[in-house]
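Reviewing the structure listed below.
The values are calculated or read from the model by the stated rules, or taken from the named source; none is laboratory data. If you're wondering where the values come from, they're calculated on a predicted model, not measured in any experiment. As a convention, Cβ positions derive from the backbone with ideal geometry for all residues, glycine included, and neighbour counts pool all protein chains shown.
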Amino acid sequence: MEETSVPKFFMRDGALELSSTKELVHLEARDLSVYYGKRVGVGRVNLSLYRNRVTAFIGPSGCGKTTFLRSLNRMHDLTPNVRVQGQVLLDGSDIYGPGTDPIQIRRRIGMVFQKPTAFPTLSVYDNVVAGLKMVGLRDRKRLDEAAERSLQQAALWDEVKDRLRAPAAGLSGGQQQRLTIARALAVEPEILLMDEPTASLDPISTQAIEDLLGTLKQQVTIAIVTHNMQQAARISDYTAYFLNGELIEMDSTSKMFTKPNDKRTEAYITGRFG
Ligand SMILES: Nc1ncnc2c1ncn2[C@@H]1O[C@H](COP(=O)(O)OP(=O)(O)OP(=O)(O)O)[C@@H](O)[C@H]1O
C-alpha cells in the first residue's frame, strides 16, 4: 500500500500551523472523467482517499460531487449512456481493470444514499442481513452476529434490539438511515461512500450520524458528499472542493476552511458564491 507524506494544517492558538502526516492512500482516482452521453459530468479528477480518514466533497449544486462519488464504486455501470474514463485504484488495483467484478467492488466499497433505502416491509433484522443473504450466507449464528455488530457500529442497536422482528417502516427517518448504514456495514466494506446522508434528517438524527462517523472511520475509510459546510468542517479530515465538473482543490479541512489556495474555494466557503 502506498504511503504518502501529506502536509497537514491545524489550528493552534488561533494560528494555522503546518505539520506533515504520513497517510495511507486507500483509493486513488487518476485522471477520472465521467460523461453523460457527450456531456462532461466531471473531468480529469485526481484525488486520493486516505485510509481511516473522512473526506468531504463540497461544491455548489450540479458541480459533479455525486457523479464523482458514484464513479468510485462503479455505480455508473448500472446507468445507460454513462461513460467513465481514467482509473480508480483500490489499494493500487484499478477497479475498472479487465476481469474486475463490479459486485465484488461494491462489496468492498459500500454506498449510502441521501434518502434511507430501508425495505419498509422487511424486518429490521432482515434489512441488516439482506446483503449477506444475497451473497449466500445462511448460517443463522453468523447472521445474528453480523446483525448485532453492524447495528452496534451504526449506533442503532440499543434502540432496536427489542424489535428486530418488527417491520423497518416503524422506525423514524433517522433510525432508518442508520439502518441503511448498518446494512452497508454488514458486508464489512473497507470504504463507505455517503451521498448527503443527513440531507433528509432532523438535527438530532443528523447529529447521531455525525457522531457515528467519528467512530466508524476507525474501521472504514469514508467519503461524504455534503451541502452543509459546517458539517464538512465538523466531521471531515480532508475536504475536496468541486466546481463546474472540476476538482478545484483538496486539502486538510482546517486548511480549506481557513486558508484555501484557490480564490474560488475561498469565495465558496466564505459564502460569496454558491
Ligand atoms: N443521469 C444524468 N444524465 C445526464 N446528466 C446528468 C445525470 N446526472 C447528473 N447529470 C449532470 O451532471 C452534472 C453533475 O451533476 P451531479 O449530480 O453530479 O452534481 P452534484 O454536485 O452532486 O449536485 P447536487 O449537489 O445538486 O446533488 C450536472 O450538470 C448534472 O445535470
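A compact table of results
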| quantity | calculated |
| --- | --- |
| Filtered residue count, segment 34-81, keeping only those that are assigned to a loop (DSSP other than H, G, I, E, B) and within 16 Å of MET256 (Cβ to Cβ) | 4 |
| Evaluation of SER93 against (1) within 16 Å of the ligand (Cβ to nearest atom); (2) modelled with pLDDT of 95 or more (one fails), failing number | (1) |
| Of all residues in segment 43-63 being hydroxyl-bearing (Ser, Thr, Tyr) and within 16 Å of the chain's Cα centre (by Cα), the one that is farthest from the ligand (Cβ to nearest atom) | TYR50 |
| Residue ID - farthest from the chain's Cα centre (by Cα), chosen from residues in segment 182-200 that are within 16 Å of the ligand (Cβ to nearest atom) and surrounded by 19 or more Cβ atoms within 10 Å (Cβ to Cβ) | THR198 |
| So THR66, is it closer than 24 Å to GLY214 by Cα and either surrounded by 13 or more Cβ atoms within 10 Å (Cβ to Cβ) or away from the ligand (no atom under 12 Å from the Cβ) (or both) | yes |
| Test: residue in segment 22-35 that is over 17 Å from SER236 (Cβ atoms) and within 11 Å of the ligand (Cβ to nearest atom) | yes |
| Contacts under 8 angstrom Cβ, first residue in segment 73-93 being free of Cβ contacts under 8 Å to residues at least 12 places away in the same chain, partner surrounded by fewer than 18 Cβ atoms within 10 Å (Cβ to Cβ), 6 or more apart | SER93/THR100 |
| Residue identified as in contact with a Gly (Cβ under 7 Å, 6 or more places away or on another chain) and among the hydroxyl-bearing types (Ser, Thr, Tyr) among SER33, SER61 | SER33 |
| Selection count, segment 107-147, where residues are in contact (Cβ under 8 Å) with a residue 12 or more places away in the chain and not small (Gly, Ala, Ser) | 22 |
| Selection within segment 82-113 - part of a loop (DSSP other than H, G, I, E, B) and small (Gly, Ala, Ser) | GLY92, GLY97, GLY99 |
| Close pairs (6 angstrom Cβ cut-off, 6 or more residues apart or separate chains): farther than 13 Å from THR66 by Cα and outside any strand (DSSP E or B) in segment 225-247, more than 12 Å from the ligand (Cβ to nearest atom) and among the hydrophobic types (A, V, I, L, M, F, W, C) anywhere | ALA232/ALA56; ALA233/PHE257; ILE235/VAL54; ILE235/LEU213; SER236/VAL54; SER236/ALA56; ASP237/VAL54 |
| Residue tally, condition within 10 Å of ILE58 (Cβ to Cβ) and part of a helix (DSSP H, G or I), over segment 258-274 | 3 |
